[in-house]
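Working notes, beginning with the structure itself.
The values are calculated or read from the model by the stated rules, or taken from the named source; none is laboratory data. All values reported here derive from a predicted model rather than from experimental measurement. Quick reminder, even Gly has a Cβ in these numbers, built from the backbone with ideal geometry, and neighbours come from all protein chains shown. Note: accessible area is taken over every heavy atom of the protein model, side chains too, but ligands, DNA and RNA are not part of it. Shrake-Rupley method; radii C 1.70, N 1.55, O 1.52, S 1.80 Å.
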Amino acid sequence: MTDTLRYDRRTVLFHWITLGMIAANWGLAQIVDVFGRENAVWPRSAHILIGFALILLIIARLLWRNVAGSKLPPADTGALGLAAKAAHWGLYALVIAVLGFGLAYEAMRGDDILALGHLPVLITGERALRSALRGYHELATNLLLILAGVHATAALAHRYLWKDSVLQRMTIG
């Protein structure tokens with residue numbers, strides 16, 4: 001395989017760092033309630049800070065993708081190619097939705113960050129709206145995880161069923 005059939009190093013790093021941050025944030029979200037209200041400041045703070053870092057990462061990733069990142073030909077044509085393209089854009093859309101709903105939720109909540117101080121409450125509203133934003137954040141997260149699972153399954157199918165080199169596009173050569 002030639003280097004032209006691999007994404008550039010920065011694109012690959014953006015991909016895997018995004019995955020790691022989303023996985024870490026999902027894990028933190030799962031354990032926040034275990035700590036109880038008083039002791040949840042640290043895992044909740046970490047969740048929020050990773051969320052802010054993810055916003056910056058996604059902006060950088062999209063800029064890189066559209067300005068200087070590698071442009072490879074589609075791995076599949078026809079229906080599979082369309083499905084792959086839809087899945088990739090769906091992943092971006094869901095990540096943006098998760099982050100947007102999380103940001104809006106946090107703007108209404110004003111959490112304490114690492115016991116250093118509170119984020120400002122930028123949006124005031126009813127408790128029902130805050131609850132709805134949390135629900136949308138969780139729903140978008142669940143949809144993201146499902147689509148990411150489909151994406152990973154497709155990558156593994158390329159590797160082990162079709163025995164092609166599609167998965168190697170996203171490895172550092």
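When residues of segment 138-161 are filtered for being surrounded by fewer than 12 Cβ atoms within 10 Å (Cβ to Cβ) and more than 20 Å from the chain's Cα centre (by Cα), how many remain?
Result for segment 138-161: 2.
For Arg10, which of the numbered conditions (1) under 24 Å from Leu145 (Cβ atoms); (2) within 22 Å of the chain's Cα centre (by Cα); (3) open to solvent by 30 Å² or more (accessible area, probe 1.4 Å) fails to hold?
Unmet condition: (1).
Given (1) open to solvent by less than 40 Å² (accessible area, probe 1.4 Å); (2) more than 19 Å from the chain's Cα centre (by Cα); (3) over 22 Å from Leu167 (Cβ atoms); (4) not hydroxyl-bearing (Ser, Thr, Tyr), where does Ala46 come up short, assuming only one miss?
Status for Ala46: all satisfied but (2).
Looking only at helices (runs of 4 or more DSSP H) that lie completely in segment 1-70, which have at least 1 residues being touching a residue at least 24 places away in the same chain (Cβ under 8 Å) and in contact with a strand residue (DSSP E or B) (Cβ under 6 Å, 6 or more places away or on another chain)?
Qualifying helices (runs of 4 or more DSSP H): 41-67.
Please verify whether Ala97 is among the hydrophobic types (A, V, I, L, M, F, W, C), under 20 Å from Arg9 (Cα atoms) and touching a helix residue (DSSP H, G or I) at 6+ places or on another chain (Cβ under 9 Å), treating the condition exactly as stated.
no
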